[in-house]
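Before any comments, here is the structure.
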Amino acid sequence: MPSIAIVGTQWGDEGKGRITDLLARKMNFVVRFQGGDNAGHTVVLKDEEFKLHLIPSGILSAEVVCVIGNGVVINPEVLIREIEQLHQRGISTKNLKVSCNAHLIMPYHIMLDKAGERKLGTSKIGTTHKGIGPVYSDKAARAGIRTQDLLDLKIFKTKLEESLKIKNAILSKVYDLEPLDAKEIFDRYCDYAEKIKELITDTSFLLNQALDANQKVLFEGAQGSMLDIDYGTYPFVTSSCTLAGGAYMGAGIGPGRIDEVLGVAKAYTTRVGSGPFPTEEEGEVGDFMRKRGHEYGTTTGRPRRCGWLDVLVLKYAIMLNQLDSIALTKLDVLTGLEQLKICTGYRYEGKFYENLPTNQTIMHKCQPVYETVDGWDADLTAIKDINDLPPAARQYITRIEELVKVPVSMVSVGPERSQIIVKDNNFKSQTFDRGFTAII
Ligand code: IMP
């Protein structure tokens, strides 16, 4: 039962997609278990850039079965577009499966997301406008429409009409928008149904069978731990469980079926949208990170807020996900900074916090407490061995490991598959036949 979950430890955009892509090559299954096309993964393969929002990153490896689990919310238009784009570039999607219990994003979810944000004005969350909050609200309210409804269009039509009675009233009376036409949506979704019906299946059953048969399964998290609906910086979060625990519910497997959890952390911190970010650097340093790290959203193109690495955030993610190791990404972006800062605590009203404070007000108003370490000047991008990194870069990694008490198992020094350095001894390598080195 060799299985691994890969999750983000910060506010998303840590580089999970490329780590997944790297490991996917030795997997039998890669599974998305939460979120929707609010996620965005960029994977570079032989100078070609692939931007995926909904389809698991494993799709670039021909033999891997890619699963969109029940915890994912699906905009069928986006799904079909991604499938077509992959086909145009010669990538097969014959092994793509979609859960029959996943909820569908409908046009009114997107309209309500945008209108709700507009109404909030300066208090807005800064969502990706993909309809995520409204579709998960409908799911919890038992008013959602699932992919399996596309297999019975009579039921789909009834549910759509019921839903529109309320949604159109809200759109027109609360937001002053034009109501939507049921027939137009129905016709459009019938077309989608025709295109994706073959993919829809009981993926929970499929995955449990795969695990029983000792197949290698990778659960690919989207967003990051600090965007989790329960444990993130609420309300400035997404609407799903972004933690490793979310994989159990969002894929339909029982506790104990994941052997190893790998947390992905950027060597600094970024976030998009509103919400507290104690180590944010709004000046030169932030600009440096944004420019060198190409820190613009894959989904929305928005410039990301940038700042120093926050150990409190990392320790919290380690606890919530029970991380076995960390993949530290984008270390090369920090090249050229004379000194680096690592946040080891927050100070607020005379009190020092070494762990994330319970009261979020503190996160909004605290002063970060930093440890300063030396930077490096040498180009890291061609380095293949951890021992060849400049001493200051090695020291940066070692210091992080000491502070968070979890080993770093991989370090990325550039966007290519080949620019990931593996510290093999830090993996729970019994999960895989010969450890991760064999994969690379
Ligand atoms: P939503 O998920 O579109 O509702 O957005 C809620 C919050 O999560 C906003 O701050 C978004 O910027 C953030 N968010 C959602 N998906 C991602 C992601 O994939 N990376 C980074 N931030 C994200």
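The values are calculated or read from the model by the stated rules, or taken from the named source; none is laboratory data. As the structure is a prediction and not an experimental result, all values here were calculated from the model. All Cβ positions, even for glycine, are placed from backbone atoms using ideal geometry, and neighbour counts span all protein chains on display. Side chains included, ligands, DNA and RNA excluded: accessible areas come from the protein's heavy atoms. Shrake-Rupley method; radii C 1.70, N 1.55, O 1.52, S 1.80 Å.
Find the residue count for segment 209-231, including only residues that are on the phi < 0 side of the Ramachandran plot and open to solvent by 10 Å² or more (accessible area, probe 1.4 Å).
Taking segment 209-231 first, the residues on the phi < 0 side of the Ramachandran plot are 209-213, 215-222, 224-231.
With the extra rule that they be open to solvent by 10 Å² or more (accessible area, probe 1.4 Å), the set shrinks to 209, 212-213, 215-216, 227, 229-231.
Total satisfying the criteria: 9.
Just to be sure before I move on: is Gly301 at pLDDT 95 or above, on the phi > 0 side of the Ramachandran plot and surrounded by fewer than 16 Cβ atoms within 10 Å (Cβ to Cβ) in the structure I sent? Break it down into steps so the answer makes sense when it comes.
On the way: at pLDDT 95 or above: no; on the phi > 0 side of the Ramachandran plot: yes; surrounded by fewer than 16 Cβ atoms within 10 Å (Cβ to Cβ): yes.
Considered against the rule, which asks whether it is at pLDDT 95 or above, on the phi > 0 side of the Ramachandran plot and surrounded by fewer than 16 Cβ atoms within 10 Å (Cβ to Cβ), Gly301 comes out as no.
If we keep just the residues of segment 23-40 that are within 15 Å of Ser61 (Cα to Cα) and surrounded by fewer than 24 Cβ atoms within 10 Å (Cβ to Cβ), which is nearest to the ligand (Cβ to nearest atom)? Outline the logic, then answer.
Going residue by residue through segment 23-40, those that are within 15 Å of Ser61 (Cα to Cα) are 23-31.
Cutting the leftovers down to surrounded by fewer than 24 Cβ atoms within 10 Å (Cβ to Cβ) gives us 25-26, 28.
Working: Arg25: 23, Lys26: 25, Asn28: 26 Å.
Filtering segment 23-40 for residues that are within 15 Å of Ser61 (Cα to Cα) and surrounded by fewer than 24 Cβ atoms within 10 Å (Cβ to Cβ), the one nearest to the ligand (Cβ to nearest atom) comes out as Arg25.
Looking at Lys139, Lys124, Lys130, Lys159, can you tell me which residue is more than 29 Å from the chain's Cα centre (by Cα) and outside the structural domain of Ile229 (by TED's automatic domain parsing)?
Values: Lys139 fails: more than 29 Å from the chain's Cα centre (by Cα); Lys124 fails: more than 29 Å from the chain's Cα centre (by Cα); Lys130 fails: more than 29 Å from the chain's Cα centre (by Cα).
From the options Lys139, Lys124, Lys130, Lys159, the qualifying one is Lys159.
Can you say whether Thr270 is outside any loop (DSSP other than H, G, I, E, B), assigned by TED's automatic domain parsing to the domain that holds Gly221 and within 9 Å of the ligand (Cβ to nearest atom), as far as the supplied structure shows? Before you say what the answer is, go through the steps one by one.
On the way: outside any loop (DSSP other than H, G, I, E, B): yes; assigned by TED's automatic domain parsing to the domain that holds Gly221: yes; within 9 Å of the ligand (Cβ to nearest atom): yes.
Spelling it out, Thr270 is indeed outside any loop (DSSP other than H, G, I, E, B), assigned by TED's automatic domain parsing to the domain that holds Gly221 and within 9 Å of the ligand (Cβ to nearest atom).
If I filter segment 1-22 down to residues being among the acidic types (Asp, Glu) and open to solvent by less than 10 Å² (accessible area, probe 1.4 Å), which single residue comes out as modelled with the lowest pLDDT? Let's see the steps before the verdict.
First pass over segment 1-22, keeping only residues among the acidic types (Asp, Glu): 13-14, 21.
Pick out the ones that are also open to solvent by less than 10 Å² (accessible area, probe 1.4 Å) and you get 14, 21.
Numbers: Glu14: 96, Asp21: 83.
The residue in question is Asp21.
Those residues that are under 14 Å from Leu340 (Cβ atoms) and surrounded by 15 or more Cβ atoms within 10 Å (Cβ to Cβ), I need them from segment 390-424; list them, please. Steps first, answer last, please.
First pass over segment 390-424, keeping only residues under 14 Å from Leu340 (Cβ atoms): 390-400, 403.
If the condition is that a residue be under 14 Å from Leu340 (Cβ atoms) and surrounded by 15 or more Cβ atoms within 10 Å (Cβ to Cβ), then Pro390, Ala392, Ala393, Arg394, Gln395, Tyr396, Ile397, Arg399, Ile400, Leu403 are the ones that fit.
What pairs come out if I take residues in segment 182-211 that are closer than 18 Å to Asn75 by Cα and pair them with residues that are of a type in the set (Lys, Arg) and in a helix (DSSP H, G or I) whose C-beta lies under 6 Å away, six or more apart or interchain?
Note: pairs meeting the criteria are Phe186/Lys157.
Considering only segment 304-320, how many residues are of a type in the set (Lys, Arg) and open to solvent by less than 20 Å² (accessible area, probe 1.4 Å)?
Here is the first cut: in segment 304-320, the ones of a type in the set (Lys, Arg) are 304-305, 315.
Still in the running and open to solvent by less than 20 Å² (accessible area, probe 1.4 Å): 304.
Qualifying residue count for the region: 1.
Tell me, which residue of segment 1-15 that is closer than 22 Å to Ser99 by Cα and within 16 Å of the ligand (Cβ to nearest atom) is farthest from the chain's Cα centre (by Cα)?
In this case the residue turns out to be Ile6.
Do you know which residues across segment 56-78 are touching a Ser or Thr at 6+ places or on another chain (Cβ under 9 Å), of a type outside the set (S, T, N, Q), modelled with pLDDT under 95 and closer than 23 Å to Ser204 by Cβ?
Taking segment 56-78 first, the residues touching a Ser or Thr at 6+ places or on another chain (Cβ under 9 Å) are 56-59, 62, 66-74, 76.
Then drop every residue that is not of a type outside the set (S, T, N, Q), which leaves 56, 58-59, 62, 66-69, 71-74, 76.
Filter again for modelled with pLDDT under 95, leaving 56, 58-59, 62.
Across segment 56-78, the qualifying residues are Pro56, Gly58, Ile59.
Collect the residues in segment 323-352 that are open to solvent by 10 Å² or more (accessible area, probe 1.4 Å) and out of contact with any strand residue (DSSP E or B) (no Cβ under 6 Å at 6 or more places or on another chain), keeping them in residue-number order. Spell out how you get there, then give the answer.
Taking segment 323-352 as the starting set, the residues that turn out to be open to solvent by 10 Å² or more (accessible area, probe 1.4 Å) are 323-324, 330, 332, 335-339, 341, 344, 347-352.
Asp332, Thr335, Gly336, Leu337, Glu338, Tyr348, Glu349, Gly350, Lys351, listed by residue number.
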